[in-house]
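The values are calculated or read from the model by the stated rules, or taken from the named source; none is laboratory data. Please read these numbers as outputs of a predicted model, since none were measured by experiment. We place every Cβ from the backbone using ideal geometry, glycine too, and count neighbours over all the protein chains shown. Calculation scope for accessible area: heavy atoms of the full protein, side chains included, ligands and nucleic acids excluded. Shrake-Rupley method; radii C 1.70, N 1.55, O 1.52, S 1.80 Å.
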Amino acid sequence: MDEKLEAYIKEHQSIDEKSKTFIQYLYFLMDKYKIDNPADIYRKAFISRQLWSSIISNKSVPSLNVCVKIALSMHLNNHECKYLLKKAGYTLASSNRFALIIRYCIENNIYDIVYVNKMLIENGCEDFKLI
């Protein structure tokens, strides 16, 4: 099969997002973006190795902030971020200023967590800052 066609099919093939757990979906995204080393994610996301291990081993459910930091560190698009958050039991509601800022950043490819954190603080979301 043509390599370009195979890559296109793999990228656009419908996955059964609804049946995947948070961890399964996270691993799916890591595979999709060819992230072989989890440290690449948790370091960029300012998450400790211990917390990452606890999340991956299903010992703890990640907080909304941790999920957002993972989404930003992986440069997820809006759809992928929505599903990752949904798997952990969260949503970015239109009625929430924090959520709107995060959605704006993702839709505008602003993935620098330090910069996003600065935007949150400057826009009255100090209680929800990421770092």
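Structural descriptor for the chain: relative contact order 21 percent, calculated from alpha carbon pairs under 8 angstrom and at least 6 residues apart.
Simple rule: put +1 on each Lys or Arg Cβ and -1 on each Asp or Glu Cβ in the chain, find the dipole, and look at TYR83, TYR104, LEU120; the Cα lying farthest toward the positive end is LEU120.
Name the residue, out of LYS69, LYS87, LYS32, whose mean-square fluctuation peaks in a Gaussian network model built on the chain with Cα pairs under 10 Å. Between LYS69, LYS87, LYS32, it is LYS32 that shows the largest mean-square fluctuation.
In the chain, taking the dipole from charged Cβ atoms about the Cα centre, the farthest positive-side position among GLN24, SER53, ILE9 is held by SER53.
Rounded to the nearest 10 square angstrom, GLU107 shows an accessible area of 110 square angstrom against a 1.4 Å probe. By its C-alpha gyration tensor, with a ≥ b ≥ c as the square roots of the eigenvalues, how is the range 51-114 shaped: rounded for a/c under 1.5, else prolate for a/b larger than b/c, else oblate? Note, shape of the range 51-114 comes out prolate.
Name the most mobile residue of ASN117, ASN37, ASN109, meaning the one with the largest mean-square fluctuation, in a Gaussian network model of the chain with Cα contacts below 10 Å. Evaluated over the chain, the most mobile residue of the options is ASN37.
What you get for the chain, charging only the Cβ of Lys and Arg (+1) and of Asp and Glu (-1), is a dipole of about 420 debye around the Cα centre.
Note on the chain: helix-only mean residue ellipticity at 222 nm, from DSSP H runs of 4+ residues weighted -39500 (n - 2.57) and normalised by residue number, equals -17000 deg cm²/dmol.
Determine the alpha carbon to alpha carbon distance for each of LYS34/LYS59; LYS20/LYS118; LYS44/LYS86; LYS34/LYS82; LYS4/LYS44; LYS34/LYS86 and list only those over 28 Å. Violating the 28 Å limit, Cα to Cα: LYS20/LYS118; LYS4/LYS44. Tally Lys and Arg at +1 and Asp and Glu at -1 over the other residues with C-beta under 12 Å from the C-beta of ILE23: what net charge comes out? Local net charge: +3.
A simple count of charges around PHE128, restricted to other residues whose Cβ falls under 15 Å of its Cβ and scoring Lys, Arg +1 and Asp, Glu -1, yields +2.
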